[in-house]
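**Student:** First the structure, then my questions, so here it is.
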Amino acid sequence: MSQSEIIRQVLAATEPLQFPRGDRLPLYVWVLTGVGTDDDAEAEAILRELDARGLAVIAPWHPARREQTLAEGLRLARLQQRLGLPITINATACLYSFFNGDPATFHLADDGTPFFDDSFSPRRKMGCPFTLQPRIPIIREQVEFFLRAYQAEGLSIDFIFADWEIDGPLEWNEAWAASKRCRRCRENIPNLEDFRAFQQALRALRSDLQREVFAEPVKARFPQAMVGNYAVYPHGGYRYWYDYFEQEPPPEVPCLIDRRARYRPWAHEFARTGYTCAMPVVYTWYRLFNWYDFDQPDYRWFYNLLLVGSNAGQHTPAKVPLISFVHWHTTSPPKEPDPSVKQFSAEKYQELLWHLLLRGHDTFFLWCPREETAEEVRLVHQVYAAALEFREFLDRGEPVTFAVPPQPGPVVSGLRLGDRVLVRRTDFEDTRGPVTLTVEGRRLGVSRVEGRCQVLRLEG
């Protein structure tokens, strides 16, 4: 599909907002990259229509096509600034690649032979994390080139993000084994045989790279900008999901066990990166369905995704925008998926989105393949738009619970504003009686009400 066709699909799948957005963040959609026309009048009309729906348009930066993408980005930003719309940038391509295939970045065996790790991707030659210092000014300049041009034109940047994943220091797959073989890694990582020491060392290096080439240059020129990266967010020390390129860790890695799930330990990297917004990943990863044995297929998805969302919501300070990547269709299935892996129902997926909002998430960032656009956008936009009816709670309310029931049953989330609480209850079995929460010593009884929120008062 062309970009014009994508935009027509998005507009057809959504309606103008019934309730005002105020100062709340827009809804971000990965495929809304550019407006698909060179005509300024037509572009303005498209931007206005999308803004009426609370949807932002993104400009991509590409160092390999830097003059072209700079010109396109500046044109879009001028239109957005003239219309009073937020300027959003996808800087992913600017951060690649630290490991660029140069043998100078490879690991070093005891006999001096260079070697690399291709366990993350057959095309990616991951090397030694202690060789990357010379790459910093090169990658930073890829970002600075665009930043200088925007600043020179008097343009603002409201939100700039990256999806920087398979590059730089990473501790998973065969990385630990490779570092144990590497003479340079052994010299630089005390207690390399301890996985947590290894992880902490690599995540510190990874955070420093992101701060030096991305977060700091952006904030130096655009101090009010939100800047963040896919999957970098505050958390409680564990990650409840695996990306498509990540393998199960070896048995000696100290994981949390939950049925067939192994939740991995994760280093606290967010503060060190210098990022100003958190970007958790709430995706229906194919493999997680069979981690659990719940009779209700929907709760296998809901349980894990609410663990992910609650982990981020509980540990992200209220002042840090929480922008959650979401995707409904089963994510990263194999070529021949197991028919027993059931698609998450649209109804319960939308319920999950409500619970994320009521646990402190500020907005959603929808990623999906282009062919899924219409259905994916419709589902997430319906929740985003309907939630604006309760904007005062979303803006100023505090979450009352992050509990995730370990078995199918009633799930309750809420935002407290004074004595009032905006709550939503989603049921996965036949319980009809009220669920009672205790909020700072006061009782809150939540009755079963299907498919809508309630505003209740605390007792006592």
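**Student:** Filtering the stretch 29-57 down to residues that are crowded, with 19+ Cβ neighbours inside 10 Å and without any contact (Cβ under 8 Å) to a residue 40 or more places away in the chain, which residue is nearest to P16 (Cα to Cα)? Don't jump to the end; show me each part of the working.
**Tutor:** Pass one, the stretch 29-57, residues crowded, with 19+ Cβ neighbours inside 10 Å: 29, 31-32, 34-35, 43, 46-47, 50-51, 53-57.
Add one more test, that the residue is without any contact (Cβ under 8 Å) to a residue 40 or more places away in the chain, and what stays is 32, 43, 46-47, 51, 57.
Working: L32: 16, A43: 18, I46: 13, L47: 13, D51: 8, V57: 16 Å.
Here the answer is D51.
**Student:** Follow-up. How many residues are touching a Phe, Trp or Tyr at 6+ places or on another chain (Cβ under 7 Å), of a type outside the set (S, T, N, Q) and farther than 18 Å from F98 by Cα when one looks only at the stretch 171-222?
**Tutor:** 5
**Student:** Let me ask another. Among the residues of the stretch 161-174, is there at least one that is modelled with pLDDT of 95 or more, loosely packed, with under 15 Cβ neighbours inside 10 Å and of a type outside the set (A, V, I, L, M)? Quick ask: steps written out before the conclusion?
**Tutor:** Initially, the stretch 161-174 is screened for residues modelled with pLDDT of 95 or more, giving 161-174.
From what's left, loosely packed, with under 15 Cβ neighbours inside 10 Å: none.
No: zero hits.
**Student:** Could you tell me how many of the residues in the stretch 247-290 are among the hydrophobic types (A, V, I, L, M, F, W, C), outside any loop (DSSP other than H, G, I, E, B) and within 21 Å of L209 (Cβ to Cβ)? Break it down into steps so the answer makes sense when it comes.
**Tutor:** Step one: list which residues in the stretch 247-290 are among the hydrophobic types (A, V, I, L, M, F, W, C), which gives 253, 255-257, 261, 266-267, 270-271, 277-279, 281-282, 285, 288-289.
Subset that is outside any loop (DSSP other than H, G, I, E, B): 256-257, 261, 270-271, 278, 281-282, 285, 288-289.
Going one step further and asking which of them are within 21 Å of L209 (Cβ to Cβ), we end up with 270-271, 278, 281.
Matching residues across the stretch 247-290 total 4.
**Student:** Would you point out which residue out of V227, V213, V232, V218 is farther than 29 Å from G360 by Cα, hydrophobic (A, V, I, L, M, F, W, C) and modelled with pLDDT of 95 or more? Outline the logic, then answer.
**Tutor:** Numbers: V227 fails: farther than 29 Å from G360 by Cα; V232 fails: farther than 29 Å from G360 by Cα; V218 fails: farther than 29 Å from G360 by Cα.
Going through V227, V213, V232, V218 in turn, just one is farther than 29 Å from G360 by Cα, hydrophobic (A, V, I, L, M, F, W, C) and modelled with pLDDT of 95 or more: V213.
**Student:** I'm trying to understand the selection: among the residues of the stretch 333-379, which are over 22 Å from T426 (Cα atoms) and polar (S, T, N, Q)?
**Tutor:** Hits for the stretch 333-379 are S340, T373.
**Student:** Let me ask something else about it. Would you be able to tell me the number of residues in the stretch 188-221 that are surrounded by fewer than 20 Cβ atoms within 10 Å (Cβ to Cβ) and without any contact (Cβ under 8 Å) to a residue 24 or more places away in the chain?
**Tutor:** 7
**Student:** Six or more apart or on different chains, Cβ under 6 Å: which pairs go from a residue in the stretch 446-460 that's of a type in the set (D, E) to one that's surrounded by fewer than 13 Cβ atoms within 10 Å (Cβ to Cβ)? Could you list them?
**Tutor:** If the second residue must be surrounded by fewer than 13 Cβ atoms within 10 Å (Cβ to Cβ), the pairs left are E459/R443.
A quick yes/no check of all residues on (1) surrounded by 13 or more Cβ atoms within 10 Å (Cβ to Cβ); (2) among the charged types (D, E, K, R); (3) in contact with a Pro (Cβ under 8 Å, 6 or more places away or on another chain):
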position	(1), (2), (3)
E372	yes, yes, no
A385	yes, no, no
V412	yes, no, no
L417	yes, no, no
L422	yes, no, no
L437	yes, no, no
V446	yes, no, yes
G451	no, no, no
G460	no, no, no
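**Student:** Suppose we filter P60, P86, P26 for residues that are under 28 Å from F364 (Cα atoms), within 22 Å of the chain's Cα centre (by Cα) and without any contact (Cβ under 8 Å) to a residue 40 or more places away in the chain; which single one remains?
**Tutor:** Working: P86 fails: without any contact (Cβ under 8 Å) to a residue 40 or more places away in the chain; P26 fails: without any contact (Cβ under 8 Å) to a residue 40 or more places away in the chain.
Just one listed residue meets the conditions, P60.
One line per residue, one yes/no per condition, for (1) surrounded by 22 or more Cβ atoms within 10 Å (Cβ to Cβ); (2) basic (K, R); (3) free of Cβ contacts under 8 Å to residues at least 60 places away in the same chain:
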position: R260; (1), (2), (3): no, yes, yes
position: A267; (1), (2), (3): no, no, no
position: A278; (1), (2), (3): yes, no, yes
position: L288; (1), (2), (3): yes, no, yes
position: W291; (1), (2), (3): no, no, yes
position: D298; (1), (2), (3): no, no, no
position: G309; (1), (2), (3): yes, no, yes
position: G313; (1), (2), (3): yes, no, no
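**Student:** I need a count of the residues in the stretch 80-116 that are part of a helix (DSSP H, G or I) and crowded, with 19+ Cβ neighbours inside 10 Å.
**Tutor:** The first filter runs over the stretch 80-116 and keeps only residues part of a helix (DSSP H, G or I), leaving 80-83, 92-95, 103-105.
Subset that is crowded, with 19+ Cβ neighbours inside 10 Å: 80, 93-95, 105.
Final tally of qualifying residues: 5.
**Student:** Within the stretch 301-341, count every residue that is part of a helix (DSSP H, G or I) and either of a type in the set (S, T, N, Q) or within 21 Å of L422 (Cβ to Cβ) (or both).
**Tutor:** Of the stretch 301-341, the ones part of a helix (DSSP H, G or I) are 301-315.
Retained after the next criterion (residues that are either of a type in the set (S, T, N, Q) or within 21 Å of L422 (Cβ to Cβ) (or both)): 302, 304-306, 309-314.
So the count comes out to 10.
**Student:** How many of the residues making up the stretch 419-447 are in contact with a strand residue (DSSP E or B) (Cβ under 9 Å, 6 or more places away or on another chain) and not hydrophobic (A, V, I, L, M, F, W, C)?
**Tutor:** Pass one, the stretch 419-447, residues in contact with a strand residue (DSSP E or B) (Cβ under 9 Å, 6 or more places away or on another chain): 419-428, 434-440, 443-447.
From the residues that got through so far, the ones that are not hydrophobic (A, V, I, L, M, F, W, C) too are 419-420, 424-427, 434, 436, 438, 440, 443, 445, 447.
Residues flagged as in contact with a strand residue (DSSP E or B) (Cβ under 9 Å, 6 or more places away or on another chain) and not hydrophobic (A, V, I, L, M, F, W, C) within the stretch 419-447 amount to 13.
**Student:** Let me confirm something: among T363, T284, T330, which residue is among the polar types (S, T, N, Q), under 23 Å from G397 (Cα atoms) and out of contact with any Lys or Arg (no Cβ under 6 Å at 6 or more places or on another chain)?
**Tutor:** Working: T284 fails: under 23 Å from G397 (Cα atoms); T330 fails: under 23 Å from G397 (Cα atoms).
Only one candidate qualifies: T363.
**Student:** Kindly establish whether T431 is at pLDDT below 95 and on the phi < 0 side of the Ramachandran plot.
**Tutor:** Yes: the conditions hold for T431.
**Student:** Considering only the stretch 151-175, state which residues are hydrophobic (A, V, I, L, M, F, W, C) and without any contact (Cβ under 8 Å) to a residue 40 or more places away in the chain. Step through it out loud before you land on a result.
**Tutor:** So in the stretch 151-175, the residues hydrophobic (A, V, I, L, M, F, W, C) come out as 152, 155, 157, 159-162, 164, 166, 170, 172, 175.
Residue satisfying the conditions is A152 alone.
**Student:** Identify the residue in the stretch 117-152 that is acidic (D, E) and farther than 24 Å from P60 by Cα and, among all such residues, is surrounded by the fewest Cβ atoms within 10 Å (Cβ to Cβ).
**Tutor:** If we filter the stretch 117-152 for residues that are acidic (D, E), which is where we start, we get 117-118, 141, 144.
From what is left, the residues that are farther than 24 Å from P60 by Cα are 117-118.
On the way: D117: 23, D118: 14.
Out of the qualifying residues, it is D118.
**Student:** Among what's in the stretch 407-434 and is touching a residue at least 24 places away in the same chain (Cβ under 8 Å) and β-branched (V, I, T), pick the residue that is farthest from G451 (Cα to Cα).
**Tutor:** V421
**Student:** Here is a check on your reading of the model: is L353 modelled with pLDDT of 95 or more, in contact with a strand residue (DSSP E or B) (Cβ under 8 Å, 6 or more places away or on another chain), crowded, with 17+ Cβ neighbours inside 10 Å and within 24 Å of F159 (Cβ to Cβ)?
**Tutor:** Numbers: modelled with pLDDT of 95 or more: yes; in contact with a strand residue (DSSP E or B) (Cβ under 8 Å, 6 or more places away or on another chain): yes; crowded, with 17+ Cβ neighbours inside 10 Å: yes; within 24 Å of F159 (Cβ to Cβ): yes.
Against the criterion (modelled with pLDDT of 95 or more, in contact with a strand residue (DSSP E or B) (Cβ under 8 Å, 6 or more places away or on another chain), crowded, with 17+ Cβ neighbours inside 10 Å and within 24 Å of F159 (Cβ to Cβ)), L353 qualifies.
**Student:** Kindly provide the set of residues from the stretch 363-392 that are touching a helix residue (DSSP H, G or I) at 6+ places or on another chain (Cβ under 8 Å) and closer than 13 Å to P280 by Cα, ordered by number.
**Tutor:** Matches in the stretch 363-392: T363, F364, L366.
The values are calculated or read from the model by the stated rules, or taken from the named source; none is laboratory data. The model shown is predicted, which means the values in this text are computed figures rather than measured ones. Counting neighbours? That spans all protein chains shown, and the Cβs are built from the backbone with ideal geometry, glycine included.
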